[in-house]
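**Student:** Quick one: the structure is below, and I'll ask about it shortly.
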Amino acid sequence: MTKTASLTEGSLSKGILLFSLPLMLSNLLQVLFNMADIAVVGHFSGSAALGSVGSTTILITLFTGILIGVGSGVNVICARHIGARNPGAVRETVHTSLILCILCGLLLSVIGVGGGKWILQLLNTKAELMDGAVLYLRIYMLGMPALAVYNFGNGVFSAAGNTKKPLLFLSIAGVINVILNLLFVIVFQLSVAGVAIASVVSQYVSAGMILISLAREQADHGLRLSLLRLSPDKAWSVLGLGIPAGMQNAIFQLANLFIQAGINSFDAATVAGSAAAANADALVFDVMMAFYTACSSFMGQNYGAGNRKRVLRSYYVSLAYSFGIGTALGVGIALCGNAFLSMFTSDAAVIEAGKYCLLVKGTFYGVSAFMDCTIAASRGIGKSIIPTVIVIMGSCVFRVIWVYTVFAFFGTVTSLYLLYVFSWALTGLFEILYFIYAWRRVQ
């Protein structure tokens, strides 16, 4: 039995940090799934296999971003009902959300397996990388239902103030993933197929463990098969926050597909170097995401409890933490570019290309906190649609326009990488202005 933790009392700076640390480690392990794939395949199957796996990164992030968005909707709604001490609403939200997440996972799996090759072709994936990229993508997408279940469980546990159990389950699955990676690639010589299979198996292990744990819970957020049914009002509440969040992630990645197409216009070393450097994006952003989840969870419970002052302070503390750690990690990785990139490849040209990517983007990772943490804050008070529209315009439409104007004019990889920094700053400004307006309206 796990006691539901109250996020409405005690020191916020200490509480948010302690809440976020297990989430941070959990998010890092999720990144390590894909990093382990790239590291093993890069060292033991060559740069072509590395490029194949790397070519799918943005597309996989697009699909998983939808599931993460729906999971954030589960988190906020559950946290709000827990804070309001409404056990019936908590139970209905949990059981409705499991059904919704499984359906989302199945749908994305069908789309990814059936249409993945077509999307990769639209991205101008190089011919020598296409077969490997399609194979990796089709296998990896079979794990979408499991990933959906894990994000559901993670959202529920986080809303209840328990971030340690998801970390434990993901740790076990992560060890399994690494062992299977080495077994399938080195022993059985399965290359990209091997690392994809290892990831899928580990995802189902983590999903199975989180379901079993929820079924054993005696608290209000525990899972009971007899209660497994769709509650229309709870479904709309979860989807009202989760779908805009998921669509934001998806459209955000769709804009990145245009960037990937631009990267693909350079030589193979630049493509592979960018793929290797992209592991830093996932690493830093997923660490920062722990504080965004904390922001939504703390704001959700305190909003449900009617503690307005503590709601706003939760945002400030989460923003400070996410900006600080994003900046520190980004600068650190940029300074240690050789060591970081050597984990994924020994090709000198690929390492040089990756180092430049890290240098241009890495020092500015912290700026993205003003965008993402403010979006999490808006969702914490029940506002999701307008923040989604803002991020679509500021980080998606803006990026596409940049690709066809600034990048088209200069035609350099520098002009392509710089659009990230400008889009983070612009979107962050407008998200903050909207949050100020929304906060005044809900008081």
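**Student:** Determine if region 7-19 includes at least one residue that is at pLDDT 85 or above, open to solvent by 30 Å² or more (accessible area, probe 1.4 Å), among the hydrophobic types (A, V, I, L, M, F, W, C) and part of a helix (DSSP H, G or I).
**Tutor:** yes
**Student:** If you check Ser206 against the conditions, is it among the hydroxyl-bearing types (Ser, Thr, Tyr) and either open to solvent by 30 Å² or more (accessible area, probe 1.4 Å) or not in a helix (DSSP H, G or I) (or both)? Give the steps one after another, and end with the answer.
**Tutor:** Details: among the hydroxyl-bearing types (Ser, Thr, Tyr): yes; either open to solvent by 30 Å² or more (accessible area, probe 1.4 Å) or not in a helix (DSSP H, G or I) (or both): no.
It is false that Ser206 is among the hydroxyl-bearing types (Ser, Thr, Tyr) and either open to solvent by 30 Å² or more (accessible area, probe 1.4 Å) or not in a helix (DSSP H, G or I) (or both).
**Student:** Criterion first (at pLDDT 80 or above and either buried (at least 24 other Cβ atoms within 10 Å of the Cβ) or in a helix (DSSP H, G or I) (or both)) does Ile58 satisfy it?
**Tutor:** Working: at pLDDT 80 or above: no; either buried (at least 24 other Cβ atoms within 10 Å of the Cβ) or in a helix (DSSP H, G or I) (or both): yes.
So Ile58 does not fit the description; no.
**Student:** From Arg91, Arg85, Arg138, grab the single residue that is outside any helix (DSSP H, G or I) and either open to solvent by 30 Å² or more (accessible area, probe 1.4 Å) or at pLDDT below 85 (or both).
**Tutor:** Values: Arg91 fails: outside any helix (DSSP H, G or I); Arg138 fails: outside any helix (DSSP H, G or I).
Step by step, each of Arg91, Arg85, Arg138 is checked, and only Arg85 is outside any helix (DSSP H, G or I) and either open to solvent by 30 Å² or more (accessible area, probe 1.4 Å) or at pLDDT below 85 (or both).
**Student:** Right, next: Going by what's in this entry, would Ile186 be described as out of contact with any Pro (no Cβ under 6 Å at 6 or more places or on another chain), assigned to a helix (DSSP H, G or I) and in contact (Cβ under 8 Å) with a residue 60 or more places away in the chain?
**Tutor:** So Ile186 passes the test.
**Student:** Can you name every residue in region 279-332 that is among the aromatic types (Phe, Trp, Tyr) and touching a residue at least 60 places away in the same chain (Cβ under 8 Å)? Show your work before the answer.
**Tutor:** At the first step, the residues of region 279-332 found to be among the aromatic types (Phe, Trp, Tyr) are 285, 291-292, 298, 303, 315-316, 321, 323.
Of everything in region 279-332, those that are among the aromatic types (Phe, Trp, Tyr) and touching a residue at least 60 places away in the same chain (Cβ under 8 Å) turn out to be Phe285, Phe291, Tyr292, Phe298, Tyr303, Tyr315, Tyr321.
**Student:** If you don't mind, there's one more thing I want to ask. I'm told Phe398 meets every condition in (1) over 13 Å from Asn256 (Cα atoms); (2) in contact with a helix residue (DSSP H, G or I) (Cβ under 6 Å, 6 or more places away or on another chain) except one. Can you identify the failing condition by its number?
**Tutor:** With respect to (1) over 13 Å from Asn256 (Cα atoms); (2) in contact with a helix residue (DSSP H, G or I) (Cβ under 6 Å, 6 or more places away or on another chain), Phe398 is out only on (1).
**Student:** Of the residues Gly300, Gly332, Gly306, Gly246, which single one is closer than 25 Å to Val389 by Cβ and more than 19 Å from the chain's Cα centre (by Cα)? Walk me through how you get there before you give the answer.
**Tutor:** Numbers: Gly332 fails: closer than 25 Å to Val389 by Cβ; Gly306 fails: closer than 25 Å to Val389 by Cβ; Gly246 fails: more than 19 Å from the chain's Cα centre (by Cα).
When all the criteria are applied, what remains is Gly300.
**Student:** Please indicate, with yes or no, whether at least one residue in region 424-442 is in contact with an Asp or Glu (Cβ under 9 Å, 6 or more places away or on another chain) and among the aliphatic types (A, V, I, L, M).
**Tutor:** Checked against the condition, which is being in contact with an Asp or Glu (Cβ under 9 Å, 6 or more places away or on another chain) and among the aliphatic types (A, V, I, L, M), region 424-442 yields no hits at all.
**Student:** Right, another one. Would you check if there is a residue in region 366-386 being touching a helix residue (DSSP H, G or I) at 6+ places or on another chain (Cβ under 8 Å), open to solvent by less than 20 Å² (accessible area, probe 1.4 Å) and outside any helix (DSSP H, G or I)? Walk me through how you get there before you give the answer.
**Tutor:** Kept after step one, since they are touching a helix residue (DSSP H, G or I) at 6+ places or on another chain (Cβ under 8 Å), are these residues of region 366-386: 366-386.
Among the residues that remain, those that are also open to solvent by less than 20 Å² (accessible area, probe 1.4 Å) are: 366, 368-369, 371, 373-378, 380-381, 384.
Next cut, outside any helix (DSSP H, G or I) only: 381, 384.
Looking through region 366-386, at least one residue is touching a helix residue (DSSP H, G or I) at 6+ places or on another chain (Cβ under 8 Å), open to solvent by less than 20 Å² (accessible area, probe 1.4 Å) and outside any helix (DSSP H, G or I).
**Student:** Name the single residue that is farthest from Pro232 (Cα to Cα) among those in region 61-82 being modelled with pLDDT of 80 or more and hydroxyl-bearing (Ser, Thr, Tyr). Don't jump to the end; show me each part of the working.
**Tutor:** From region 61-82, those modelled with pLDDT of 80 or more are 63-64, 66-82; that's our starting set.
In the following step, the residues that additionally are hydroxyl-bearing (Ser, Thr, Tyr) were identified as 64, 72.
Values: Thr64: 25, Ser72: 18 Å.
Restricting to residues being modelled with pLDDT of 80 or more and hydroxyl-bearing (Ser, Thr, Tyr), the top hit is Thr64.
**Student:** For residues that are of a type outside the set (A, V, I, L, M, F, W, C) and free of Cβ contacts under 8 Å to residues at least 40 places away in the same chain, tally how many sit in region 374-403. Spell out the reasoning first.
**Tutor:** First, pick out the residues of region 374-403 that are of a type outside the set (A, V, I, L, M, F, W, C): 374, 378-380, 382-384, 387-388, 394-395, 399.
Okay, now just the ones that are also free of Cβ contacts under 8 Å to residues at least 40 places away in the same chain, so 394.
The number of residues fulfilling the criteria is 1.
**Student:** Select from region 340-391 the residues that are small (Gly, Ala, Ser), over 28 Å from Gly69 (Cβ atoms) and either in contact with a Gly (Cβ under 6 Å, 6 or more places away or on another chain) or at pLDDT 90 or above (or both) and list them in ascending order. Full working, then the answer.
**Tutor:** Pass one, region 340-391, residues small (Gly, Ala, Ser): 342, 346, 348-349, 353-354, 362, 366, 368-369, 376-378, 380, 382, 384.
With over 28 Å from Gly69 (Cβ atoms) added as a condition, the list becomes 342, 346, 348-349, 353-354.
Selection gives Ala353, Gly354.
**Student:** Tell me, yes or no, whether region 82-101 has at least one residue that is on the phi > 0 side of the Ramachandran plot and of a type in the set (Lys, Arg). Explain how you work it out, then say what you get.
**Tutor:** Narrowing region 82-101 to residues on the phi > 0 side of the Ramachandran plot: 85.
Next, from what is left, pick out any that are of a type in the set (Lys, Arg): 85.
Yes; the residues of region 82-101 include at least one that is on the phi > 0 side of the Ramachandran plot and of a type in the set (Lys, Arg).
**Student:** Which one is nearest to Val311 (Cα to Cα), of the residues in region 70-103 that are under 24 Å from the mean Cα position of the chain (by Cα) and free of Cβ contacts under 8 Å to residues at least 60 places away in the same chain?
**Tutor:** Among residues in region 70-103 that are under 24 Å from the mean Cα position of the chain (by Cα) and free of Cβ contacts under 8 Å to residues at least 60 places away in the same chain, the one nearest to Val311 (Cα to Cα) is Cys101.
**Student:** Here is a follow-up. Filter region 111-125 down to residues that are open to solvent by 50 Å² or more (accessible area, probe 1.4 Å), closer than 13 Å to Ser52 by Cα and touching a residue at least 24 places away in the same chain (Cβ under 8 Å), then give me how many there are.
**Tutor:** The number of residues fulfilling the criteria is 1.
**Student:** Also, quick follow-up: For region 408-433, enumerate the residues that are touching a residue at least 40 places away in the same chain (Cβ under 8 Å) and open to solvent by 40 Å² or more (accessible area, probe 1.4 Å).
**Tutor:** Passing the criteria: Thr414, Leu418, Ala425, Leu429, Phe430, Ile432.
**Student:** When you check Val192 against the structure, is it within 19 Å of Ser109 (Cα to Cα) and at pLDDT 90 or above, yes or no?
**Tutor:** Details: within 19 Å of Ser109 (Cα to Cα): yes; at pLDDT 90 or above: no.
When the stated conditions are applied, Val192 does not pass them.
**Student:** I'd like the residue in region 234-249 that is touching a Ser or Thr at 6+ places or on another chain (Cβ under 9 Å) and either modelled with pLDDT of 90 or more or not small (Gly, Ala, Ser) (or both) and, out of all such residues, is surrounded by the fewest Cβ atoms within 10 Å (Cβ to Cβ). Before you say what the answer is, go through the steps one by one.
**Tutor:** Filtering region 234-249 down to residues touching a Ser or Thr at 6+ places or on another chain (Cβ under 9 Å) leaves 234-235, 237-238, 240-249.
Next, from what is left, pick out any that are either modelled with pLDDT of 90 or more or not small (Gly, Ala, Ser) (or both): 234, 238, 241, 243-244, 247-249.
Details: Lys234: 22, Val238: 27, Leu241: 29, Ile243: 21, Pro244: 24, Met247: 17, Gln248: 23, Asn249: 23.
Here the answer is Met247.
The values are calculated or read from the model by the stated rules, or taken from the named source; none is laboratory data. Only a predicted model underlies this, so the values are computations on that prediction, with no experimental measurement involved. Neighbour counts are summed over all protein chains in view; Cβ atoms, including those assigned to glycine, are modelled from backbone coordinates with ideal geometry. With ligands, DNA and RNA removed, areas are computed over all heavy atoms of the protein, side chains included. Shrake-Rupley method; radii C 1.70, N 1.55, O 1.52, S 1.80 Å.
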